[in-house]
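Colleague: After the structure tokens below, expect a handful of questions from me.
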Amino acid sequence: MIDEANGGSALPERGVPAERVLDEVRGLRAGDRPTHGGRLFAYVYDPAVPGLDELAAAAHAASAHVNGLDPTAFPSLLAMENALVGAAGRLLGGGPGGTAPDVVGSVTSGGTESLILAVKAARDAHPEIAAPRIVVPSSGHAAFAKAAHYLRVALDVVPVSAETLRPDPAEMAAAIRPETVLVACSAPSYAHGVVDPVGEIAAAAAGVEVRCHVDACFGGWTLPYLRRLGTPVPAFDFAVPGVTSISVDLHKYAYAPKGVSVLLHRDPALRAPQYFAYADWPGYTMVNPTIASTRSGGPIAAAYATLRHLGDDGYLRLASLTRDAVAGLATAVRAVDGLRLMAEPESTVVCFTSTDPDLDLFVLVDELAGRGWHTQPQLSYADLPASVHLTVTASVAPRVAEFGPDLAAAVTAARAAGPVELPAELRALAGTLTADTLTPDLVAGLAAGLGLDGGVPGRMAVVNTLLDAAPPALRERLLVEFVGLLQRPSW
Ligand SMILES: Cc1ncc(COP(=O)(O)O)c(C=O)c1O
């Protein structure tokens, strides 16, 4: 019998029959948040299109063992990659007839890899700059910080306004220095779903001949469709002069299974420094457009099948369902006294905060989870309050009417429960912590106090309250320690 808590031994003494193995996987999956059903507002993008999962799974299986390492050996993969890049490029203002006819790109494993490669290409285009820097709004995705960290590039963060949740283009321009190799902005930002002033930022970057990357990983696939449906969407793609690269994730709003993003460059010369080639060893000559060398064809084939099956008309229909769901959820939030939308929704995010000290958002998130709605808490940051984030997908549309009453009931329950009070011993312990003085003993004490020593607790409000009280450097250390506690081998 499989030990469900630990996942069972992955290498049993004797092989297990296929059907039983699948039962075990299904058994483990039963403990996950529901990926379908329109009640999960993060991590998963579900169009609720019958048969699409099966189609994508079949295409994935057909190409799972194909290796993207060598496009000459597997022309099927090259053809599908080129088709995906072409589709993304055309949707975002490139290709024949577009304002950027020479757009080229690569398929990567996800948004983070696309951003790391955009930063790498910008960095390696300037080998003469010894200490390269990038300029990013504070609302830019954390993957820019990861790219800066991995690539040893300095990060210049420009704060966003607490009212507009966007950076001031003049401040972005002022942050550009002689060592700046890239200026970044989001269309839209993940946290709040707002589109940055791309035109002004790109113009400032172009004025000093610096690259400008638009991170459209999250919403780049929906914004063009929302615009076609009549939503006012500012110019954010290759139609904007000065935009040199754009990333868009197919495993988000193109509804492909995980593992596919596209990084586009305005022309081949901009892409060239993204590649890594190596011939100075006795093995096969290597040329990689992406970080991974061996790459499974599975995700690419699955994305190709998804795009071809849904088609332009399918995406327009899904965007329309999503737009209506966003409007319905926002109306439900507005109807609750004590909640405030962080921004009027302009893409596919609904994000709200609490204006009532007696209404603790982290308790509310737990109350919603108890009612089957999985939302994403966002900690307070600089002058932005803590908030609740909802990534809205087409699958939410049929559920919207159920959300309002459940939100109202969850708010009533959260008010009745009152704000989280950290237990006295935890408060005392937390008061002594800094990122530099955290020891394994202190972490173990904290984890026990938070109930994290036995796995992930059902209610997270206390954990979130503790993290929220800590400055970012301590949050980071605590997160690493806590997740390290979870990631232990099962023998
Ligand atoms: C705007 C934005 N950029 C980048 C990423 C990173 O994408 P991934 O999680 O696929 O690496 C995300 C993920 O949510 C995102 O929303």
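Colleague: Check which residues have an amide H placed less than 5 Å from Ala216's amide H, if you skip close sequence neighbours.
Modeller: Ala187, Ser247
Colleague: Could you derive backbone 3J(HN,Hα) for the range 190-207 from the dihedral phi with the Karplus parameters 6.51, -1.76 and 1.60 (θ = phi - 60°), listing whole Hz in sequence and x where the residue is Gly or Pro?
Modeller: 5, 4, 10, x, 9, 8, 5, x, 4, x, 6, 5, 5, 5, 5, 5, 4, x
Colleague: Right, another one. Explain nothing, just compute: Karplus ³J(HN,Hα) = 6.51 cos²θ - 1.76 cosθ + 1.60, θ = phi - 60°, for every residue of the range 228-244 in order, whole Hz, x for Gly and Pro.
Modeller: Those phi angles translate into 4, 7, x, 5, x, 10, x, 4, 9, 10, 5, 5, 8, x, x, 6, 9 Hz.
Colleague: Tell me the mean residue ellipticity at 222 nm calculated for the chain from its helices only (DSSP H runs of n ≥ 4, each -39500 (n - 2.57), averaged over every residue, nearest 500).
Modeller: Computed mean residue ellipticity for the chain: -13000 deg cm²/dmol.
Colleague: How big is the antiparallel share of DSSP beta bridges in the chain, given as a percent to the nearest 5?
Modeller: If we restrict to bridges inside the chain, about 60 percent are antiparallel.
Colleague: If I histogram all Cα-Cα distances within the chain using bins 10 Å wide from 0, what percent of pairs lands in each bin?
Modeller: 4, 17, 26, 28, 18, 5, 0
Colleague: Treat the range 1-98 as a sphere of radius equal to its Kirkwood radius over Cα pairs and apply Stokes-Einstein at 20 °C in a medium of 1.002 mPa s; give the translational diffusion coefficient in µm²/s, rounded to a whole number.
Modeller: Here the translational diffusion coefficient equals 121 µm²/s.
Colleague: Would you mind checking which residues have amide H under 5 Å from Leu40's amide H? H placed 1.01 Å from N; only 5 or more apart, or other chain.
Modeller: Excluding prolines and chain starts, which carry no amide H, the hits are His374.
Colleague: Cut-off is 10 Å between beta-carbons; in what order do Ile201, Ile291 appear when sorted fewest neighbours first?
Modeller: If I rank by nearby Cβ atoms, fewest first, I get Ile291, Ile201.
Colleague: Right, another one. What is the calculated FRET efficiency for Ala142 to Asp358, with r their C-beta to C-beta distance and R₀ = 35 Å, to the nearest 0.05?
Modeller: Step by step, r from the Cβ atoms, then E = 0.65.
Colleague: Of Ile129, Ile246, how do they rank once you tally other Cβ atoms within 10 Å and put the fewest first?
Modeller: Ile129, Ile246
Colleague: Show me, for the range 417-428, the HN-Hα J-couplings you get by feeding each phi into the Karplus relation (A = 6.51, B = -1.76, C = 1.60, θ = phi - 60°), rounded to Hz, glycine and proline as x.
Modeller: 6, x, x, 5, 10, 5, x, 3, 5, 6, 4, 5
Colleague: Compute the Cα gyration tensor for the range 205-349, then decide on rounded, prolate or oblate, letting a ≥ b ≥ c be the square roots of its eigenvalues: rounded whenever a/c is under 1.5, prolate when a/b is larger than b/c in the other cases, and oblate in all that remain.
Modeller: Prolate, because a/c is 1.5 or more and a/b exceeds b/c.
Colleague: Hey, can you grab everything whose amide H is under 5 Å from the amide H of Ser139? Only 5+ residues off in sequence or another chain; H modelled, so Pro and N-termini drop out.
Modeller: Residues meeting the criterion, in which the H sits 1.01 Å from N, are Val160.
Colleague: Let me ask something additional. No solvent, one uniform scatterer per C-alpha: report log10 I(q)/I(0) for the range 309-454 via the Debye equation at q = 0.20 1/Å, two decimals.
Modeller: With no solvent term, the Cα-only Debye profile gives -1.18.
Colleague: Determine, for Trp221, Trp373, Trp281, the number of other Cβ atoms within 10 Å of each Cβ, and report the residues in order from fewest to most.
Modeller: Taking fewest neighbouring Cβ atoms as first place, the list is Trp281, Trp373, Trp221.
Every number here is computed from the coordinates shown, using simple stated rules; none is lab data. Everything quoted here is computed from the prediction, not taken from an experiment. Counting neighbours? That spans all protein chains shown, and the Cβs are built from the backbone with ideal geometry, glycine included.
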